Amino acid sequence: MIAAIAIGRNEGARLVQCLDSLQGRVGRIVYVDSGSTDGSVAMARARGVEVVELDMTKPFTAARARNAGLDQLRTGEAPEFVQLVDGDCEVRPDWIDTAWRFLQDNPEVAVVCGRRRERFPEASVYNAHCDREWNTPVGEALACGGDALMRMAALDQVGGYNPGLIAGEEPEMCVRLRQKGWKIWRLDAEMTLHDAAMTRFSQFWKRARRAGHAYAEGAHMHGAPPEGHFVQETKRAALWGLALPVAIVLLALIVSPWCLLLALIYPAQIARIARRSGGGKAAWEEATLLTLGKFAEGLGVAEFHLRRLTGKRAGLIEYK
């Protein structure tokens, strides 16, 4: 009745934790590997897990990997429910039973997710930022992340994930699910432990850049009313990360170098966000990252539209 799909590449010990956390809690486990060189495939097979090795001569996306896992589950008797999980996540002991009972009691819900936490939020300000980001509102939601329990029938109805997306594949699929009348739900329950392993600003920058690309692509696909998918996120990234910096530089070149003082709007924005969040050390760190991240997001927005206009395929933007 319940199966699981884990995807990954070179996750090492994290993959072992992921697969072991699923053992005994689901009927089938499928691991989809995308070119690992660290023995991940052998580790998975040693645990009796079904393994799908992707053909890496074809463009890779996480969406393509998840679809490959779903195809594997359809060989034989397909399960009623499937737990999707990233290979760097450990599923909490009570999660699958809690989520399954909720789906049983709520037949209109296609996807249910819970609280994803960072395993080491104290290791860096970037890990702590991820942990705060995962803390989404409880109740009916617009979308889920990479970890969630889903109905196979709902996934079949919308054709699964869009394999061409390099990021934002879950929110985009959730748009299509909601258009079919399904609901997405966030439970107040512990779901997974995630290991972002972000210790450098360059990693944070790449992750934010990828988010900007996902915002722009999502808005391009489903931005029209009533969805307005990722429209506001794209506008904020374009305004703070592109339009304002360009305008300030142009004014400084054309009008006066004193116009560079307009850049003080960014520290002012950091102060505003930090005060709104309580003003402690963590609030200032988060406000700084959110503001700096807009530059990377703006770059991601620009990259998407540039590639769209030139017809070039987007490559993966990976931070690990």
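The values are calculated or read from the model by the stated rules, or taken from the named source; none is laboratory data. Please read these numbers as outputs of a predicted model, since none were measured by experiment. FYI the Cβ positions are ideal-geometry reconstructions off the backbone, even for glycines, and counts take in every protein chain you see.
What to note about this one:
- The stretch 49-68 residues that are without any contact (Cβ under 8 Å) to a residue 12 or more places away in the chain, paired with ones that are surrounded by 19 or more Cβ atoms within 10 Å (Cβ to Cβ) (beta carbon under 8 Å, 6 or more apart): Lys58/Arg64
For every residue, the table says whether it meets (1) under 18 Å from Met152 (Cα atoms); (2) surrounded by 14 or more Cβ atoms within 10 Å (Cβ to Cβ); (3) more than 21 Å from the chain's Cα centre (by Cα); (4) among the basic types (Lys, Arg).
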{"residue": "Ala65", "(1), (2), (3), (4)": "yes, yes, no, no"}
{"residue": "Gln72", "(1), (2), (3), (4)": "yes, yes, yes, no"}
{"residue": "Val82", "(1), (2), (3), (4)": "yes, yes, no, no"}
{"residue": "Val109", "(1), (2), (3), (4)": "yes, yes, no, no"}
{"residue": "Arg116", "(1), (2), (3), (4)": "no, yes, no, yes"}
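- Single residue of Pro171, Pro137 found to be outside any helix (DSSP H, G or I) and out of contact with any His (no Cβ under 6 Å at 6 or more places or on another chain): Pro137
Each row is one residue, and each column tells you yes or no for (1) over 15 Å from the mean Cα position of the chain (by Cα); (2) crowded, with 17+ Cβ neighbours inside 10 Å.
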{"residue": "Arg151", "(1), (2)": "yes, yes"}
{"residue": "Asn162", "(1), (2)": "no, yes"}
{"residue": "Arg200", "(1), (2)": "yes, no"}
{"residue": "Lys206", "(1), (2)": "no, yes"}
{"residue": "Ala214", "(1), (2)": "no, yes"}
{"residue": "Gln232", "(1), (2)": "yes, no"}
{"residue": "Gly241", "(1), (2)": "yes, yes"}
{"residue": "Ala252", "(1), (2)": "yes, no"}
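- Test for Arg275: is it surrounded by fewer than 16 Cβ atoms within 10 Å (Cβ to Cβ), farther than 22 Å from Ala167 by Cβ and either aromatic (Phe, Trp, Tyr) or more than 21 Å from the chain's Cα centre (by Cα) (or both): yes
- The strands (runs of 3 or more DSSP E) found wholly in the stretch 52-124 and carrying at least 1 residues that are closer than 30 Å to Ala314 by Cα, β-branched (Val, Ile, Thr) and in contact with an Asp or Glu (Cβ under 9 Å, 6 or more places away or on another chain) occupy 81-86, 109-118.
- The set of residues from the stretch 31-51 being in a helix (DSSP H, G or I) and touching a strand residue (DSSP E or B) at 6+ places or on another chain (Cβ under 6 Å) comprises Ser40, Val41, Ala44, Arg45.
- Test result for Arg186, out of contact with any Phe, Trp or Tyr (no Cβ under 9 Å at 6 or more places or on another chain) and surrounded by 18 or more Cβ atoms within 10 Å (Cβ to Cβ): yes
- The stretch 14-30, residues that are in a helix (DSSP H, G or I), charged (D, E, K, R) and at pLDDT 95 or above: Asp20
- Selection count, the stretch 102-140, where residues are in contact with a strand residue (DSSP E or B) (Cβ under 7 Å, 6 or more places away or on another chain) and among the aromatic types (Phe, Trp, Tyr): 2
- Pair list, Cβ under 6 Å, 6 or more apart: the stretch 134-145 residue within 20 Å of Gly181 (Cα to Cα), other residue hydrophobic (A, V, I, L, M, F, W, C): Glu140/Trp185; Ala141/Ile184; Ala143/Cys174; Cys144/Val111; Cys144/Cys113; Cys144/Ile184
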